[in-house]
Each structure stands twice: as structure tokens, then as C-alpha cells.
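Written out below as C-alpha cells is the structure these notes cover.
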Amino acid sequence: LATIEYIESVKNYVTIHHSGKKTLVYISLKELEASLPSDQFIRVHKSFIIPFSGIEGIEGNLITIRNSRAEIFLGDTYKTSFWEQVRRKTVGK
């Protein structure tokens, strides 16, 4: 889990980007999301899950991922939940 940069879905497959590599898994993003620790990972788009520890910066609706050149778009459906969790992580519980 510590090496995951971000997780991207394409239909019923999921690509796990980790340590500069990609692993393709036959599972839905929803199933994988349910198995990940919710205090460490958050869904930010219908096609992306990111680890909180991997967030390098946020500018508008783009999240820059540490150790990667990826910029993940923050989807409208996930904005409220994302910002609530970011506030909890940065301000305290």
C-alpha cells in the first residue's frame, strides 16, 4: 500500500500505479475501494483513487501526485467528501 501512487480504472480493470510501475488487475474500482483503508485512500473521480500521502499539491480541480507526473482531476461528485477529509487531515480530527 505504501508504494501506490494512484489507482485508475478502465471498465472492469484497474491499473495500480506503484513505484514507477503499473499492475493491471481484473476488479472494479468500487470493489477495490471497499478493500482499501479509508483513512489512507480516497476516491476523487469516478476513475481514480489516490492515497492521502501521495498528494503533493492541489490547484483548482487538479491534484498533483507525489513521485509521479500525474495530475488527477477532482470530480464534482467527490469534491465535498474530498475537502471534508482534507480538512480533517490537516486541521485535526
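The values are calculated or read from the model by the stated rules, or taken from the named source; none is laboratory data. Predicted model only: the values in this text are computed from it and were never measured. As a convention, Cβ positions derive from the backbone with ideal geometry for all residues, glycine included, and neighbour counts pool all protein chains shown. Only protein heavy atoms, including side chains, enter the accessible area calculation; ligands, DNA and RNA are left aside. Shrake-Rupley method; radii C 1.70, N 1.55, O 1.52, S 1.80 Å.
Before moving on, here are some points about what is shown:
- Dividing the summed -39500 (n - 2.57) terms of all DSSP H runs of n ≥ 4 by the residue count of the chain sets its mean residue ellipticity at 222 nm at -6500 deg cm²/dmol.
- Area projected by the alpha carbon convex hull of the chain, averaged over all directions, nm²: 5.8
- Surface composition of the chain: carbon and sulfur make up 50 percent of the accessible area, probe 1.4 Å.
- When the Gaussian network model of the chain links Cα atoms closer than 10 Å, the mean-square fluctuations of E56, E31, E71 top out at E31.
- The length gained by stretching the chain between V10 and E59 to full extension, at 0.36 nm per residue less their Cα-Cα distance, is 15.1 nm.
- Highest-fluctuation residue, K11, K30, K79 considered, GNM on the chain with Cα pairs under 10 Å: K11
- For H18, residues with placed amide H under 5 Å, excluding near neighbours: E5, T23
- Note on the chain: with a GNM built from Cα contacts shorter than 10 Å, the maximum mean-square fluctuation among V44, V25, V14 falls on V25.
- Where the chain is the region considered: accessible area per residue in Å², 1.4 Å probe: 66
- Residue-by-residue Karplus 3J(HN,Hα) for segment 16-29, coefficients 6.51, -1.76, 1.60, Hz, glycine and proline x: 9, 8, 8, 6, x, 10, 10, 10, 9, 10, 8, 6, 7, 5
- Seen from V14, the other residues with C-beta closer than 9 Å to its C-beta sum to a net charge of -2, counting Lys and Arg as +1 and Asp and Glu as -1.
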